[in-house]
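The values are calculated or read from the model by the stated rules, or taken from the named source; none is laboratory data. Since the model is a prediction, treat every value here as computed from it, not as a measurement. When we count neighbours, we look across all protein chains shown, and the Cβ atoms used for this are built from the backbone with ideal geometry, even at glycine.
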There are 2 protein chains.
Amino acid sequence: MNGAESLVHSLLHSGVTTCFANPGTSEMHFVAALDRIPGMHCVLGLFEGVVTGAADGYARMAEKPAATLLHCGPGLANGLANLHNARRAATPVVNVVGDQATYHRPLDPPLTADTDGFARGVSGWVRTSMDVRSVGADAAAAVQAAMIAPGQVATLILPSDTSWNEGGVVAEALPRLPTPLSAPGQVDAAAAVLRRGGQGVVLLLGGVALHAEGLALAHRIAAATGCRVVAQGSNARMARGQGRLAVERVPYVVDVAVQFMQGTRQLILAGARKPVTFFAYPGKVQSAVPEDAAVHVLARPEQDVVEALARLADALDCPKVAAPHNGERPHAGSGALTPEAVAATLGALMPDGAVIADESVSFGRGFFANTKAAAPHDWLNVTGGAIGGGMPMATGAALGAPGRRVINLQADGSALYTVQALWTQAREKLDITTVIFANRKYQILLGELANVGANPGRTALDMMDLGNPDIDWTRLAGSLGVEAARADTAERFADILAHALRRPGPFLVELPV
Amino acid sequence: MNGAESLVHSLLHSGVTTCFANPGTSEMHFVAALDRIPGMHCVLGLFEGVVTGAADGYARMAEKPAATLLHCGPGLANGLANLHNARRAATPVVNVVGDQATYHRPLDPPLTADTDGFARGVSGWVRTSMDVRSVGADAAAAVQAAMIAPGQVATLILPSDTSWNEGGVVAEALPRLPTPLSAPGQVDAAAAVLRRGGQGVVLLLGGVALHAEGLALAHRIAAATGCRVVAQGSNARMARGQGRLAVERVPYVVDVAVQFMQGTRQLILAGARKPVTFFAYPGKVQSAVPEDAAVHVLARPEQDVVEALARLADALDCPKVAAPHNGERPHAGSGALTPEAVAATLGALMPDGAVIADESVSFGRGFFANTKAAAPHDWLNVTGGAIGGGMPMATGAALGAPGRRVINLQADGSALYTVQALWTQAREKLDITTVIFANRKYQILLGELANVGANPGRTALDMMDLGNPDIDWTRLAGSLGVEAARADTAERFADILAHALRRPGPFLVELPV
């Protein structure tokens, strides 16, 4: 058995059954091993950002890591932006990077780069397998490392000779390391704050606190204590819709966020960090949280936040309560393609169990209100601010949640970073409906220009403008094998969306907004 | 004057007049400064790999650096692969990366990443401007550093507050640092080898030795001594065509390269490194150069190789000789779209002064023979093996060599990494003719699978296959604003190419091969 075969067997033993790949020469033995060993679903991406973003989306839904397969330092480099997003989402990823043979690297052939150095910035764990006998054990260790709570990127670098050499040893799965619990003092302090009650007590949820179980606990705590429950600005996965506590996220725009957090006197962090603004701006605050607010940590992101919420609910003797009712399901929007109309249509039409991959950026800031009464669904944000996460994330989510409909809410500018994902969606016949918000500009930057006090002229505006020439999204999707249509009104959008959500496989709707 | 304004002024003072940009919030003051300060041509790329690859192509032709403008660590990460190619081409690039404000970075907002760490792997020089008063001087130092022979990537990281703070100071250009000369002993040793003559004396050219002046000197030396002249496998820029010494490159495929270098007894390196194979393969050599060949270094890559060749020609008393005649200009090919027919058509039709941006990968390996008698042209290779270099390089080359026709010879698989470049070509109305070799597979990997001794089955073959669905290149180009056509025969290719080369602006020809 060669090293590559021991790698594939060991990954399978550790429960890794999906591999997103953009392989090159140094990974040929891995690819060949996939033929001989059944059980690994190997999915080709035409660009590494698709591969890593898909691995992020997959694990958010499957709750176990996928493997990637990348080619040398530059291939890894192309995947770094979405690994950065995965890092900020605390997504488990087993990031496999093939590289030069151990004995060839010192000769510095052209493709040689600082693979290890590139990996460190996004990985919680990096190891290079220098010996064929250790490849299997290293693979098992990578899976174990990726699953350390709350989840992280584990990068395994495989020199090509350790793949092709004979002497591979298959490793069994390593035990999952226990998630640290919140200390009693953390729960007691939060309970004391909530018991005192009063104005301005805010419970801020992040991580798995936003999955269904955590939200149900937060709902009980809020019902019993009257505290306000909010969510981080960007979240890996959030249970939403009918029957789930509707929580708003801390807004992106600083002034709006300040207003949102106004009056907060006691902030309890549950799997979240204290919010800071996405960027600094001249003369503006760096956190929307009032300076005089007291901050309490119920559970740090790496602690078991759901267990902590359960202990907190127990400590407060919170009674069981009925699931929240978020109002009537909205009716599809009409008229112009406003954010409200688009959200209403989504809220009306999204099927039970939908997965929303949201990279709608500026257009989608108000989507939550009109979707809180939609059918139960999961909402995934691009978490690290590295644009180009949406389409790959949707691709991976569809594979990580088979049988569920994925809806990718996608800004046009961001979509162009990783548009190759559409081809993978077509090849794998994934049930993904992409909605492109084609405003033909970097709308967010126009706001940012104002925020930093800059006054744009022609040259600056040109740098925000995606028109001249306009991008034809229906042709672009079609060229990559995905059917598409354009809708100019909310009514037409509803018709196309209803059709797209019923049909199997991918479909793209372009909305000129 | 704020820091951003001092940056733009200082870049202009140092001769940097083109900026390839994909800006974000932290670069808004730079963008705003461009409005107020005339003289900088700012070119938008929709993905950072386009930006950095274009900066590479620009400087290869303009012989001075362009600036980039990238957004934070993840934006830089997206540009790393083509900065890797620029590093291997020894291209001067002033790589400007905006980043979090100095005082905001410690709060670790979501987009914060290891910007400096990512930069180090591709840059010969990295500096973060921590004070508004130093921004101008740092910009001048970056340009100076980028131009250190043979050229390198100089990365300047600009925290947003050093851009918007007042107190910027414009810096004058710093002197260009002198290029070290070869030591007398290096020239003497090479002269002695060439004087002895005999079988198997090979002069291997790299870097600027492959520009017109270096080639003319090599031609004189070869005419006088009978030595063989060859070129590195991949080269930043090579003068070719009628009147230029026709030199073959060391082939990519190991066995072919071994045959190519067979009989070499004395290898003289002129601006080149000793060739090593691109990858290691089980049981194959790591260099095509015979083990018993003696290696002499006339000029290291960082030494003045043209001056060394001139001294060598003087030392050998090489007489002036007529410019080489490379035979008759070929006739356009006919029949099937073989590599030979395609090359003949290119050789027949390419206009005087054309610039070839070559990422043809496996299909283009034999293109040199049928183009050596074409009109004089420059040939640019993707140098670092990071695929996705071709289209951006063509984009930058067109801006770095105004008035000259750029022909991008482009493999389909590689094109998909940075296809967004077509949009920039359309927006800037660049005279670029792209020829896509659409074999609908990663052909090179099929060869590599065999080379590493792997035996592909269905799963492996799927990972090399770009069909299912087929990519429609004419629609894809059209969606990004570039007219396109498909040719199924050599005759039709000649018709379309002749048309495309005459019309202003970009055009794409898809060749199903």
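Taking the listed residues A:ASP314, A:ASP304, the one that is farther than 30 Å from B:GLU166 by Cβ, surrounded by fewer than 22 Cβ atoms within 10 Å (Cβ to Cβ) and either without any contact (Cβ under 8 Å) to a residue 60 or more places away in the chain or in contact with a His (Cβ under 9 Å, 6 or more places away or on another chain) (or both) is A:ASP314, with no other qualifying. Only one of A:LEU269, A:LEU245 is surrounded by 23 or more Cβ atoms within 10 Å (Cβ to Cβ) and under 26 Å from A:PHE279 (Cβ atoms). Can you tell me which? Unique residue meeting the criteria: A:LEU269.
Could you grab me the full set of residues in the range A:359-402 that are closer than 19 Å to B:THR112 by Cα and among the hydrophobic types (A, V, I, L, M, F, W, C)? Within the range A:359-402, A:VAL361, A:VAL382, A:ALA386, A:ILE387 meet the criteria. Scanning the range B:1-48 for residues that are among the charged types (D, E, K, R), crowded, with 24+ Cβ neighbours inside 10 Å and free of Cβ contacts under 8 Å to residues at least 60 places away in the same chain yields a single hit, B:GLU48.
Quick grid of which residues meet (1) closer than 28 Å to A:PHE118 by Cα; (2) modelled with pLDDT under 95; (3) in contact with a helix residue (DSSP H, G or I) (Cβ under 7 Å, 6 or more places away or on another chain); (4) surrounded by 18 or more Cβ atoms within 10 Å (Cβ to Cβ):
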residue	(1), (2), (3), (4)
B:GLY117	yes, no, yes, no
B:GLY168	no, no, yes, yes
B:LEU181	no, no, yes, no
B:GLY185	no, no, no, no
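Looking at A:ARG405, is it more than 18 Å from A:VAL355 (Cα to Cα) and among the basic types (Lys, Arg)?
Against the criterion (more than 18 Å from A:VAL355 (Cα to Cα) and among the basic types (Lys, Arg)), A:ARG405 does not qualify.
Mind listing whichever residues of the range B:465-475 are among the charged types (D, E, K, R) and either facing chain A (nearest Cβ under 7 Å) or in a loop (DSSP other than H, G, I, E, B) (or both)? Talk me through it step by step, then tell me what you get.
Going residue by residue through the range B:465-475, those that are among the charged types (D, E, K, R) are B:465, B:470, B:472, B:475.
Scanning the range B:465-475 gives B:ASP470, B:ASP472, B:ARG475.
Quick one: is B:PRO402 out of contact with any His (no Cβ under 8 Å at 6 or more places or on another chain) and free of Cβ contacts under 8 Å to residues at least 40 places away in the same chain?
Criteria met by B:PRO402.
With respect to (1) more than 9 Å from every other protein chain (Cβ to nearest Cβ); (2) touching a residue at least 40 places away in the same chain (Cβ under 8 Å); (3) not in a helix (DSSP H, G or I), the lone exception for B:MET130 is condition (2). Can you say whether A:GLU302 is of a type in the set (Asp, Glu) and closer than 18 Å to A:ARG88 by Cα, as far as the supplied structure shows? The answer is yes for A:GLU302. Do you know which residues across the range A:430-450 are under 23 Å from the mean Cα position of the chain (by Cα) and under 21 Å from A:GLU510 (Cα atoms)? Correct list: A:LEU430, A:ASP431, A:ILE432, A:THR433, A:THR434, A:VAL435, A:ILE436, A:PHE437, A:ALA438, A:TYR442, A:GLN443, A:ILE444. When you look at B:ALA231, is it touching a Leu at 6+ places or on another chain (Cβ under 6 Å), closer than 27 Å to B:ARG87 by Cα and either surrounded by fewer than 21 Cβ atoms within 10 Å (Cβ to Cβ) or among the aromatic types (Phe, Trp, Tyr) (or both), yes or no? The answer is no for B:ALA231. Taken over the range B:445-464, the residue count meeting the criterion of being within 8 Å of chain A (Cβ to nearest Cβ), outside any loop (DSSP other than H, G, I, E, B) and not hydroxyl-bearing (Ser, Thr, Tyr) is 7. Taken as a whole, the structure leaves A:LEU83 outside the set of residues that are over 24 Å from the mean Cα position of the chain (by Cα), surrounded by 24 or more Cβ atoms within 10 Å (Cβ to Cβ) and either farther than 19 Å from A:SER10 by Cβ or modelled with pLDDT under 95 (or both).
Number of residues in the range A:476-497 that are more than 14 Å from chain B (Cβ to nearest Cβ) and surrounded by fewer than 23 Cβ atoms within 10 Å (Cβ to Cβ): the value is 10.
Would you please name the residue that is surrounded by the fewest Cβ atoms within 10 Å (Cβ to Cβ), looking only at residues in the range A:287-301 that are β-branched (Val, Ile, Thr) and more than 12 Å from every other protein chain (Cβ to nearest Cβ)? Residue satisfying both the conditions and the ranking: A:VAL295.
For the range B:431-464, a residue qualifies if it is at pLDDT 85 or above, of a type in the set (A, V, I, L, M) and surrounded by fewer than 20 Cβ atoms within 10 Å (Cβ to Cβ), and the qualifying residues are B:LEU446, B:LEU461.
Within the set B:ALA348, B:ALA373, B:ALA341, the sole residue that is among the aliphatic types (A, V, I, L, M), surrounded by fewer than 24 Cβ atoms within 10 Å (Cβ to Cβ), out of contact with any Phe, Trp or Tyr (no Cβ under 6 Å at 6 or more places or on another chain) and over 17 Å from B:GLY327 (Cβ atoms) turns out to be B:ALA341.
Could you please find all residues in the range B:358-399 being modelled with pLDDT of 95 or more and assigned to a helix (DSSP H, G or I)? Listed by number, the residues that qualify are B:THR371, B:GLY390, B:MET391, B:PRO392, B:MET393, B:ALA394, B:THR395, B:GLY396, B:ALA397, B:ALA398, B:LEU399. A Cβ distance below 6 Å, combined with a sequence gap of six or more or placement on separate chains, defines the contacts here; from the range B:95-117, residues that are facing chain A (nearest Cβ under 7 Å) reach residues that are surrounded by fewer than 23 Cβ atoms within 10 Å (Cβ to Cβ) and hydrophobic (A, V, I, L, M, F, W, C) in the pairs B:LEU107/A:VAL276; B:PRO109/A:VAL276; B:PRO109/A:PHE278.
Beta carbons closer than 6 Å, at least 6 apart along the sequence or on distinct chains, pair a first residue in the range B:62-91 that is farther than 19 Å from B:ALA397 by Cα and more than 10 Å from every other protein chain (Cβ to nearest Cβ) with a second that is at pLDDT 95 or above and outside any loop (DSSP other than H, G, I, E, B) for B:LEU70/B:GLU48; B:LEU70/B:LEU76; B:LEU70/B:GLY79; B:LEU70/B:VAL97. Selection within the range A:401-430: residues that are part of a helix (DSSP H, G or I) and within 8 Å of chain B (Cβ to nearest Cβ). The member of this set that is modelled with the lowest pLDDT is A:GLY413. Just one of A:ALA280, A:ALA218 is touching a Phe, Trp or Tyr at 6+ places or on another chain (Cβ under 8 Å) and crowded, with 21+ Cβ neighbours inside 10 Å; which is it? Going through A:ALA280, A:ALA218 in turn, just one is touching a Phe, Trp or Tyr at 6+ places or on another chain (Cβ under 8 Å) and crowded, with 21+ Cβ neighbours inside 10 Å: A:ALA280.
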